[in-house]
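Values quoted throughout were computed directly from the atomic coordinates according to the rules given, and no laboratory measurement underlies them. Because the structure is predicted, anything quoted here is derived from the model rather than measured. Virtual Cβ from ideal backbone geometry, glycine too; neighbours counted across all protein chains shown.
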């Protein structure tokens, strides 16, 4: 692979970095102030919509869609470093209309949706007018093995009737959420356990869709986005809402999760870079026992180890992106699994070192480190837990020696 970024990537990187410096970083404090001062935490801070308008005016919009006329037409390798820059701020991805789970849902509709589905749901998502959610994980079964899913999708004439109990339905707390992609079983008796599931579009306001509660992550509610526990009771949607066809849910999931995992990982590298930057700034300014923390060998070791691990992880992710572009997501599955394990764990180590350098303040709201750590820890579960990916990596490695 070529380690040099393409001319197009460099141009976009310069623009995205400039936008981050001028608008995103200064808006972070405003975002949280508006979130606290509103009548409810589940209301979108106005600053977000202002940022979206600015980003779109500058053409920094829908950069994530690989080789698509609806986006910037970037490859995974070209988009990866841009995603890293966006990952430095928790509010940046949405400002560029590049945030999860919308990116994954838009890619599903772009790849597998009908013309009608694209007009009704993809277009407003691409416009940033609405948001979406993805309903797969269930509280009553081990959803790390998605064949365990119990939710049902049963055809009844011109409709499907949906019943299921889901949780970690990220994005459903947002008042702009209008559509969900729901994964359930249409053919539970199929001997091929990977053809039992389907994915279907469910409007947020469909009768029978009930949010039981919003879940917290280490005490954070992640408002106004949030993660919901949702009950689907006899929800009826038109047959035309089925995506790709019955029994093709796993096929869609694999097409969705490859790019999604690499986006998560590149954003995590941005998180780690900002944590390291924060660590260095603190070490240069803080004095203990008569000298700056930066003069302490243990602090220098922490900084050095963090730099080594971040650079290692970035190269691993760029390699996965290169493989996705050149040999396809299926052939790149081992590389994708590797980064999904390596990068969140790396970020946790870097953030933990930064917290230690900050002392007690590092676990408070004074600095962003505690939030960074909590979010990074969840990514060891999201899009498949570490154990599942390690199992796959081990099996693929053994095959080479059979």
Centroid-to-centroid separation of segment 190-211 and segment 348-402 [C-alpha atoms, Å]: 30 Å
To the nearest 10 degrees, how steeply does helix 249-285 sit against the main Cα axis of the chain, on a 0 to 90 scale? 20 degrees
Distance between segment 45-101 and segment 268-343 - C-alpha centres, whole angstrom: 22 Å
The helix 46-57 Cα axis meets the longest alpha-carbon principal axis of the chain at an angle in degrees, between 0 and 90 and rounded to 10, of 90 degrees
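Relative contact order, percent, of the chain when contacts are C-alpha pairs under 8 Å separated by at least 6 residues?
Numbers: 676 pairs, mean separation 56.1, N = 402.
RCO, the chain: 14 percent.
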Rounded to the nearest 0.05, FRET efficiency between residue 144 and residue 298 (Cβ-Cβ, R0 30 Å) equals 0.20
What ranking of 297, 18, 325, 221 emerges when the number of other C-beta atoms within 10 Å of each C-beta is taken as an exposure proxy, fewest first? 297, 18, 221, 325
Percent of Cα-Cα distances greater than 19 Å, calculated over segment 131-243: 42 percent
Helix 25-37: angle to the longest alpha-carbon principal axis of the chain, degrees 0 to 90, nearest 10? 60 degrees
Label-point separation in nm, residue 187 to residue 308, each point 7 Å along Cα→Cβ: 5.2 nm
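For the chain, what is the calculated [θ] at 222 nm in deg cm²/dmol (nearest 500), taking -39500 (n - 2.57) for each run of four or more DSSP H residues and dividing by its residue count?
On the way: 12 runs with 187 residues, N = 402.
Calculated from helices alone, the mean residue ellipticity at 222 nm is -15500 deg cm²/dmol.
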Would you mind calculating the gained length between residue 33 and residue 57 on full extension (0.36 nm times residue separation, minus the Cα-Cα distance), in nm to one decimal? 6.1 nm
With a point put 7 Å past each Cα toward its Cβ, work out how far residue 401 is from residue 41 in nm, to one decimal. 4.9 nm
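Over all alpha-carbon pairs in the chain, figure out the percentage whose distance exceeds 39 Å.
Values: 13808 of 80601 pairs.
Cα-Cα pairs of the chain separated by over 39 Å account for 17 percent.
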Suppose R0 equals 45 Å; then what is the FRET efficiency for residue 155 and residue 3 from their Cβ-Cβ distance, rounded to the nearest 0.05? 0.30
Can you pull the one-decimal nm distance between simple spin-label points at residue 13 and residue 233, each 7 Å off the Cα toward Cβ? 5.3 nm
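Which of rounded, prolate or oblate describes segment 7-113 when judged by the alpha-carbon gyration tensor and an a/c cut-off of 1.5?
In terms of gyration-tensor shape, oblate.
To make sure I understand, if each residue's beta carbon is the centre and we count other beta carbons within 10 Å, what order do 299, 147, 30 fall in, fewest to most? Before the final figure, lay out each step's value.
Numbers: 299 22, 147 12, 30 16.
Going from sparsest to densest Cβ surroundings: 147, 30, 299.
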